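Student: Dropping the structure in here first, questions after.
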Amino acid sequence: MENIETTIITTTTSPSSPQSLAIISPCAACKVLRRRCVEKCVLAPYFPPNDPLKFTTAHRVFGASNIIKFLQELPEPQRADAVSSMVYEANARLRDPVYGCAGAICQLQKQINELQEQLAKAQAEIVNMQCQHANLMALICLELPSNDLKSFDDDFTSGYQSNTNFIDENNLGLLWEPLWT
């Protein structure tokens, strides 16, 4: 396996002939469970020896036998994602024993709803300001003589037009769509 580390220890029995012994470092799961890590260990690729906390967290919530059974039932390409999901869920369950991941999901949904409300308010303010601008322009058109109106309109709309181009008739339909699905 790729993740099993091999450490070479050189011992000398006599000054003239050194001997080499290969010692295989067990994966984090086997270290925590205090068992011998076999060559075909199901847990070794996903729980490297340098990260024992990863297995300890998952083991606390799911148990070693359940993790092994779950991994054996999955195809090889899906196992890494399953392990990272188990570790994430275990961390969430340890942080929040009552709700776990569901608590985090509810919190994120609440935040999305609040942001959608803020967006709807901002869009309504934009529409309101556009209506006020249109009303103001209509009043100005009624009160000014036609020769003064042309110069005023050019001065007033040249600066304002650049700020309102991001909303056009095609985007107004988006303002009335539901904020959630």
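Student: What pairs come up if the first residue lies in the stretch 114-137 and is among the polar types (S, T, N, Q), the second is part of a helix (DSSP H, G or I) and surrounded by 12 or more Cβ atoms within 10 Å (Cβ to Cβ), and their beta carbons are under 7 Å apart, counting only those six or more places apart or on different chains?
Tutor: GLN123/LEU175; GLN130/THR164
Student: What are the residues in the stretch 74-96 that are more than 16 Å from ALA44 (Cα to Cα) and either open to solvent by 90 Å² or more (accessible area, probe 1.4 Å) or of a type in the set (Asp, Glu) (or both), if any?
Tutor: If the condition is that a residue be more than 16 Å from ALA44 (Cα to Cα) and either open to solvent by 90 Å² or more (accessible area, probe 1.4 Å) or of a type in the set (Asp, Glu) (or both), then TYR88, GLU89, ARG93, ARG95, ASP96 are the ones that fit.
Student: Return only the number of the condition from (1) open to solvent by 60 Å² or more (accessible area, probe 1.4 Å); (2) polar (S, T, N, Q); (3) more than 18 Å from VAL32 (Cα to Cα) that GLN123 does not satisfy.
Tutor: Unmet for GLN123, out of (1) open to solvent by 60 Å² or more (accessible area, probe 1.4 Å); (2) polar (S, T, N, Q); (3) more than 18 Å from VAL32 (Cα to Cα): (1).
The values are calculated or read from the model by the stated rules, or taken from the named source; none is laboratory data. This one's a predicted model, so the numbers in the text were calculated from it and none came from an experiment. A quick note on method: Cβ atoms are made from the backbone with ideal geometry, for glycine too, and the neighbour counts reach across all protein chains shown. When the accessible area is computed, the model is the full protein with side chains, heavy atoms only, and any ligands, DNA or RNA have been set aside. Shrake-Rupley method; radii C 1.70, N 1.55, O 1.52, S 1.80 Å.
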